[in-house]
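The values are calculated or read from the model by the stated rules, or taken from the named source; none is laboratory data. The structure presented is a predicted model; accordingly, all values stated were derived computationally and were not measured. Neighbour counts run over all protein chains shown; Cβ positions are idealised from the backbone, glycine included.
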Amino acid sequence: MVARALRDGGFHVIMGGMLTGQEIVRAAVDEDVDLVGLNVGGHVEVVVRVIGELRAARPDLPIFAGGVLPPSSCRRLSALGVETYPPGSSLEDIVEAARRLTSQASA
Amino acid sequence: MSSRSSSVVTSRSGIPLKAAYGPDDVPDSLRRHAGTLPGDAPYHRGGFPQGYRTKPWRIFQLSGFGNPEDENERIKFLLKHGETGFLMEHDRNTADHLYNVDHPDVQARREDVGQTGAVMQSVREVAICLDGIPIESTYGHAGGAVVQHAPFALAAYWTVARRRGIPLAELGGTGQSDFFLTYLGCVTKQQIPTAAGLRLNADIIEFCSRHAPKWVPVSIAGYNGGDTGLNAWQELGAVIANAIEYLDEVQRRGHLDMATAAYRVGGVNFRTTMDFFEDIAKLRAARKLWHDLLRDRYGITDERALRLRIHIVTAGSMMTYAQPFNNIVRGTMMALSAVLGGTQSLGVSGYDEAISIPSEHAHQMSVRIQQILQHETNIGAVTDPLGGSYYVEALTAEMAERATGFAAQIAAQGGFLATLDSGWLHARARDNQVAWQAAEEEGRQTVVGVTDFRDDHSPFEIDGFPGVNDAYEVARSRLEDVRRERHEVGAHAALKSLEQACRGTDNIMPKMLDALEAEVTLGEIGDVYRSVWGDWQTPELA
């Protein structure tokens, strides 16, 4: 759904599916992406590790996250500079964030 | 669900609704049955005349997290507070893919391990999870929601029972082995192809019919289709199409009489949502369609088989992240819908569903909601209390008609498995999700606390249930124990024998039981499956 909204918003979206952290980093580097969206379905510390690996490979790459994110997990990710979109977030807001994050990065 | 547009009011699935209904709105197809009572064919009014008077619905909550000890403790907690059956969840990182915990993909997300259930790689861990739980007298769900995991989950549970001296012939319970979850809901990597999955389910159905007559072998879970996006009549139509696939396969194999097979398969699951009456109609229509299918397609006359038994889980997707206390009301409404629809068992999703796995308190509330309905409202005194309502009867007929049409569409494309393989069913679900999301974002569908009424004065934050931190390490060490302590030659022989059964046509369940007795582990079984059947090709969605 999010991917579709982003495509409708003019983005080229590469859907990863169920990837490991290493696979996400590899895809981000190989495809030279402008933004990574992480769909969180489990423990936030897995995501924190993936963010660390992504930053090591592509330090300026913007990252945002959605999915099942309790408030404390949102705070944990925000502290790392990752915007969060928990359930109930509007697709419009997500597309808007994608525009903002990619234009800031390229500016 | 309320629609803000005054011109056309529809149900959630798009059925146009009138402002009031009268006798002319009930079509002939149901008016013919106007004089029937609950317990009479075609059973839309209920399978059993005494309804909840003689058999209250089973309070049946999904549960599981952490280490097997934590899961055991939570199951005991729920049973102590009035749950009347239990469902044990296996850790999905390992179970869904048949990986041991040291598989690279599991290691890559090790903090996730134990978030969705306890890791159970061998009978030892299942035994810990069931420790002190009287499975001889308590209806249990062994897990095995994903098709390829079911034979392991069932055999492990049965092995624990056998070691306690409980004959399999006397053991009551169920598994799931659901195609909707496996191939539609959570399309993940490394699942066996659908045809191999069908073979496993047919093996389970035949094995249980011979050796475990009190066990519900597989449970078609319309819920997982519904919460993926199928609307009410699509969910029902797809469940019927799924049942046809199972029963045709059993018929083709020719080992079982069809009435026995249909009785085994006739415990299915649906979801109820926030469209209160639509889902009541769905359950009433489901019983009628089940009866009609068995009578017309398979010539079954055995009344026991013709009566569909229903388990309901209230829709997790209806539970909002914002203002989670509101979800207690949503859970209550969806539970009420299930009860008025005549369900045999019920799980109410936790009020923290959108935030995390259920906390103890959320779990307790799910049980309390059901107890209040059972004990305080007098709602179970009369069976099918809405029978004869012009609106509910008309909606039931409409639901049956649309579901039949959807099942026919699936049949026209080669059947249920074909629509999973091609991605056709996925596209239907996706289209609905997009439409529903648009309805919310464009102001046509209100969700309290989300689209409107967003001020929240909750006195404290619900931050979700964190689970435990050591499930990965504990599971690693238990796996090493098994590898060190088991009889290697025996384990390898049992695994080889299981592989031969998979490659041939013999029922795999006896070999699976032997393998688990020999302490063969989950990941080794997965490797056998992968070498025999390979992986399902996930459909590309247009």
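Could you tell me whether region B:212-221 includes any residue that is crowded, with 19+ Cβ neighbours inside 10 Å and farther than 26 Å from B:ALA501 by Cβ? Scanning region B:212-221 turns up at least one residue that is crowded, with 19+ Cβ neighbours inside 10 Å and farther than 26 Å from B:ALA501 by Cβ. On the stretch given as region B:498-527, residues that are among the small types (Gly, Ala, Ser), touching a helix residue (DSSP H, G or I) at 6+ places or on another chain (Cβ under 9 Å) and under 18 Å from B:ILE204 (Cβ atoms) total 3.
Annotation for region B:496-510: no member residue is more than 27 Å from B:VAL147 (Cβ to Cβ) and modelled with pLDDT of 95 or more.
In summary, helices (runs of 4 or more DSSP H) completely within region B:457-542 and bearing 1 or more residues that are away from chain A (no Cβ under 14 Å) and among the hydroxyl-bearing types (Ser, Thr, Tyr) occur at B:471-485, B:488-503, B:522-533.
Against the numbered list (1) within 30 Å of B:LEU417 (Cα to Cα); (2) touching a strand residue (DSSP E or B) at 6+ places or on another chain (Cβ under 8 Å), B:GLY523 comes up short only at (2). How many residues are within 14 Å of chain A (Cβ to nearest Cβ), surrounded by fewer than 23 Cβ atoms within 10 Å (Cβ to Cβ) and farther than 21 Å from A:GLN22 by Cβ if we restrict to region B:90-135? Of the residues in region B:90-135, 1 are within 14 Å of chain A (Cβ to nearest Cβ), surrounded by fewer than 23 Cβ atoms within 10 Å (Cβ to Cβ) and farther than 21 Å from A:GLN22 by Cβ. Among the residues examined, B:ASP28 does not qualify as of a type in the set (Asp, Glu) and modelled with pLDDT of 95 or more.
Considering region B:424-456, and only residues there that are out of contact with any Phe, Trp or Tyr (no Cβ under 9 Å at 6 or more places or on another chain) and among the polar types (S, T, N, Q), the residue that is farthest from the other protein chains (Cβ to nearest Cβ) turns out to be B:ASN432. Filtering region B:313-333 to residues that are touching a helix residue (DSSP H, G or I) at 6+ places or on another chain (Cβ under 7 Å), more than 14 Å from every other protein chain (Cβ to nearest Cβ) and either surrounded by fewer than 24 Cβ atoms within 10 Å (Cβ to Cβ) or touching a residue at least 60 places away in the same chain (Cβ under 8 Å) (or both) leaves B:VAL313, B:ILE328, B:THR332, B:MET333.
B:ASN67: at negative phi and in contact with a strand residue (DSSP E or B) (Cβ under 9 Å, 6 or more places away or on another chain), yes or no? Against the criterion (at negative phi and in contact with a strand residue (DSSP E or B) (Cβ under 9 Å, 6 or more places away or on another chain)), B:ASN67 qualifies. Scanning region A:14-38 for residues that are away from every other protein chain (no Cβ under 12 Å) and either part of a helix (DSSP H, G or I) or surrounded by fewer than 17 Cβ atoms within 10 Å (Cβ to Cβ) (or both) returns A:ILE14, A:ARG26, A:ALA27, A:ALA28, A:VAL29, A:ASP30, A:GLU31, A:ASP32, A:ASP34.
Picking from residues in region B:444-501 that are hydrophobic (A, V, I, L, M, F, W, C) and over 22 Å from B:VAL123 (Cα atoms), the one that is surrounded by the fewest Cβ atoms within 10 Å (Cβ to Cβ) is B:PHE460. The residue list A:ARG75, A:ARG49 contains one member that is closer than 23 Å to B:ILE357 by Cβ, charged (D, E, K, R) and at the interface with chain B (Cβ under 9 Å from one of its Cβ atoms), which is A:ARG49. Taken as a whole, region B:25-47 holds at least one residue that is in contact with a Lys or Arg (Cβ under 7 Å, 6 or more places away or on another chain) and either among the hydrophobic types (A, V, I, L, M, F, W, C) or free of Cβ contacts under 8 Å to residues at least 40 places away in the same chain (or both). For residues in region A:86-107 being away from every other protein chain (no Cβ under 14 Å) and charged (D, E, K, R), which is surrounded by the most Cβ atoms within 10 Å (Cβ to Cβ)? Here the residue is A:ARG99. So which residues in region B:334-365 are over 20 Å from the mean Cα position of the chain (by Cα), farther than 18 Å from B:GLU71 by Cβ and free of Cβ contacts under 8 Å to residues at least 60 places away in the same chain, if there are any at all? The one that is over 20 Å from the mean Cα position of the chain (by Cα), farther than 18 Å from B:GLU71 by Cβ and free of Cβ contacts under 8 Å to residues at least 60 places away in the same chain: B:MET365.
With respect to (1) within 13 Å of chain B (Cβ to nearest Cβ); (2) under 24 Å from A:GLY88 (Cβ atoms), the lone exception for A:PRO62 is condition (1). Has region B:401-423 got any residue that is assigned to a helix (DSSP H, G or I), closer than 30 Å to B:PRO104 by Cβ and within 12 Å of chain A (Cβ to nearest Cβ)? No, every residue in region B:401-423 fails to be assigned to a helix (DSSP H, G or I), closer than 30 Å to B:PRO104 by Cβ and within 12 Å of chain A (Cβ to nearest Cβ). Considered as a group, the residues in region B:364-391 that are small (Gly, Ala, Ser) and part of a loop (DSSP other than H, G, I, E, B) include one that is surrounded by the fewest Cβ atoms within 10 Å (Cβ to Cβ), and that residue is B:GLY388. Which ones in region B:54-73 are surrounded by fewer than 24 Cβ atoms within 10 Å (Cβ to Cβ), out of contact with any Leu (no Cβ under 8 Å at 6 or more places or on another chain) and part of a helix (DSSP H, G or I)? Across region B:54-73, the qualifying residues are B:GLU69, B:ASP70, B:GLU73. Take B:ARG271 and decide whether it is part of a strand (DSSP E or B), among the charged types (D, E, K, R) and modelled with pLDDT of 95 or more. So B:ARG271 fits the description; yes. Restricting region B:340-378 to residues that are hydrophobic (A, V, I, L, M, F, W, C) and in contact with a Gly (Cβ under 7 Å, 6 or more places away or on another chain) leaves a set whose member that is farthest from B:TYR43 (Cα to Cα) is B:ILE355. Modelled with pLDDT of 95 or more and surrounded by fewer than 13 Cβ atoms within 10 Å (Cβ to Cβ): does that describe B:GLY423? It is false that B:GLY423 is modelled with pLDDT of 95 or more and surrounded by fewer than 13 Cβ atoms within 10 Å (Cβ to Cβ).
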